[in-house]
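The values are calculated or read from the model by the stated rules, or taken from the named source; none is laboratory data. The model shown is predicted, which means the values in this text are computed figures rather than measured ones. Cβ placement follows ideal geometry from the backbone for every residue including glycine, while neighbour counts extend to all protein chains displayed.
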Amino acid sequence: MKRRGVEQPGSSQGSMDTKLKADIAESAVKTELLKRGFRVLQPIGDRLAYDLGIDLNGRLLRVQVKSAWFNRKANYYLIDVRRTKTNRRRMLRKNYNAKDFDFAIAYIADLHRFYVMPVSVFCRYKSTIVFVEAKKRQRKPKSASYRERWDLLSAGSRRR
């Protein structure tokens, strides 16, 4: 049986660890940005609200990277739009705000697909964003309009 998608940890046996999944997504996004000619910066540590920086003509664009997991039952991918911090006792989740970063890039590993969203769009969602990749006879979610929208990054530097 072919495994589809990287599932959220704890959702089934054999799930990939959250940190590894995040590292794979960040690496894929960095590689794709470099292939597209962007100058990529990486902060040291993980204390900032963003994962990567892009130098666009001397302006810094802050990028938050999210890795999608596959919901087998519903047949779609999704990401959690909240910041997750863990300590020894519990997991803490907090919503991002528009000052935390400039763009979010969601990555679907098994399809090697990217969704590029301005922070203003990303922060409208309260807990998850759904990405429907199956050919269905239904209305596509709003997130579909951000599939592979790398052009928004260059436009974003002019708006700041």
(request) Scan the stretch 133-151 and give yes if some residue there is over 15 Å from the mean Cα position of the chain (by Cα) and surrounded by 15 or more Cβ atoms within 10 Å (Cβ to Cβ), otherwise no. (result) yes
(request) Looking at (1) exposed (fewer than 11 other Cβ atoms within 10 Å of the Cβ); (2) farther than 24 Å from PRO118 by Cα; (3) at pLDDT 90 or above; (4) of a type in the set (D, E, K, R), find the lone condition where ASP17 falls short. (result) (3)
(message) Tell me yes or no: at least one residue of the stretch 64-71 is aromatic (Phe, Trp, Tyr), within 18 Å of ARG147 (Cα to Cα) and not in a strand (DSSP E or B).
(response) no
(request) Hey, can you tell me all the residues within the stretch 19-41 that are without any contact (Cβ under 8 Å) to a residue 24 or more places away in the chain and closer than 21 Å to VAL81 by Cα? (result) LYS19, LEU20, ASP23, SER27, LYS30
(message) Could you check the stretch 105-140 and list, in sequence order, the residues that are among the small types (Gly, Ala, Ser) and within 27 Å of LYS94 (Cα to Cα)?
(response) ALA106, ALA109, SER120, SER127
(message) I need the full set of residues from the stretch 95-116 which are more than 14 Å from ARG62 (Cβ to Cβ) and either surrounded by 11 or more Cβ atoms within 10 Å (Cβ to Cβ) or among the aliphatic types (A, V, I, L, M) (or both), in order please.
(response) ASN95, ALA106, TYR107, ILE108, ALA109, ASP110, LEU111, ARG113, PHE114, TYR115
